[in-house]
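Some notes on the structure that comes next.
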Amino acid sequence: MTLGEKIIERRKMENLSQNQLAEKLSVSRSAVAKWESDKGLPDIENLKVLSRVLNISIDSLLENEDKTEEIQNQEAEGSLEEAFLIKRDEKIATYINKRCTVELTDYNDGIDGYLISQDKDYLYYVRREGKKTIIGALGKKFIEQIQLSKKKEETDLNASEYMDINRTFFIGKNVSVALDEKHFWSGLIGFKETEYLNVVISGFSEANLTIENKNALTDILLPVEKITKIEVIV
């Protein structure tokens, strides 16, 4: 059984509707619907609450008949979060080299494009905007849903040419960077910077992204965990 099927089964056993379960988890009914249809995955904190509300262990929720040996080993070591991330990355891998619509959490803007690769933090993609080709990276922790795009295939865009893209690709290039600080009021009355446009990345480590700051003695250091999206026109 998939995670979604288990949530449905246990929810019905507990005589809960989707709305009732959503209220107990302080999430929207649509979030529960996505989990149950295997179009999205609950995060670690929601998994803990699901386990308590549905009276099922987290290990049992994550188990499935075809899970990999790697997941089994992680669970045996008691590393729940690692097991969850492996499961998430395996799901993302099924969409690589396909045109997809990706939705992000809250007010963060998603994309429609070809998914080309991933690492532990980012999902890389290529998309078209008019005649421009844009290569980007999405922070995987902010991905809420991935589904196959309903738009026409770009016949003149060969996504396979970009399959080797990784974070080092963006170093030295003029990019836009969006942070997970975006709200509907952002930019209206002097809130702190939530987006950096036309900036140059001088460094990109596992922990931080460094932006050149020509107007100051020190560069701008952004934590990787706060970055929702990076894009560059090629």
Can you find a residue that is within 26 Å of VAL27 (Cα to Cα), at pLDDT 90 or above and in a loop (DSSP other than H, G, I, E, B) anywhere in the range 123-133? no
How many residues, within the range 193-234, are part of a strand (DSSP E or B), at pLDDT below 90 and of a type in the set (Ser, Thr, Tyr)? 1
Kindly provide the set of residues from the range 138-162 that are in contact (Cβ under 8 Å) with a residue 24 or more places away in the chain and of a type in the set (Asp, Glu), ordered by number. GLU144, GLU153, GLU154
Can we say TYR114 is under 20 Å from THR228 (Cβ atoms), in contact (Cβ under 8 Å) with a residue 40 or more places away in the chain and either outside the structural domain of GLU225 (by TED's automatic domain parsing) or part of a loop (DSSP other than H, G, I, E, B) (or both)? no
Selection over the range 92-127 where residues are among the basic types (Lys, Arg) and under 15 Å from VAL232 (Cα atoms) yields a count of 1
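Yes or no, residue by residue, for (1) in contact with a Gly (Cβ under 7 Å, 6 or more places away or on another chain); (2) farther than 19 Å from ASP156 by Cβ:
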| position | (1), (2) |
| --- | --- |
| TYR95 | no, yes |
| GLY110 | no, yes |
| TYR114 | no, no |
| TYR122 | yes, yes |
| TYR125 | yes, no |
| THR133 | no, no |
When the range 94-109 is checked residue by residue, the ones that are crowded, with 20+ Cβ neighbours inside 10 Å and part of a strand (DSSP E or B) are ARG99, CYS100, VAL102, LEU104
Name the residue, out of ASP112, ASP156, ASP119, ASP164, that is within 13 Å of the chain's Cα centre (by Cα) and surrounded by fewer than 18 Cβ atoms within 10 Å (Cβ to Cβ). ASP119
So in the range 84-115, with the set limited to residues that are among the aromatic types (Phe, Trp, Tyr) and touching a helix residue (DSSP H, G or I) at 6+ places or on another chain (Cβ under 7 Å), which one is modelled with the lowest pLDDT? PHE84
So THR155 fits all but one of (1) out of contact with any Cys (no Cβ under 7 Å at 6 or more places or on another chain); (2) part of a strand (DSSP E or B); what number is the exception? (2)
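The values are calculated or read from the model by the stated rules, or taken from the named source; none is laboratory data. Please read these numbers as outputs of a predicted model, since none were measured by experiment. With ideal geometry, Cβ positions are generated from the backbone for all residues, glycine too; neighbour counts draw on all protein chains shown.
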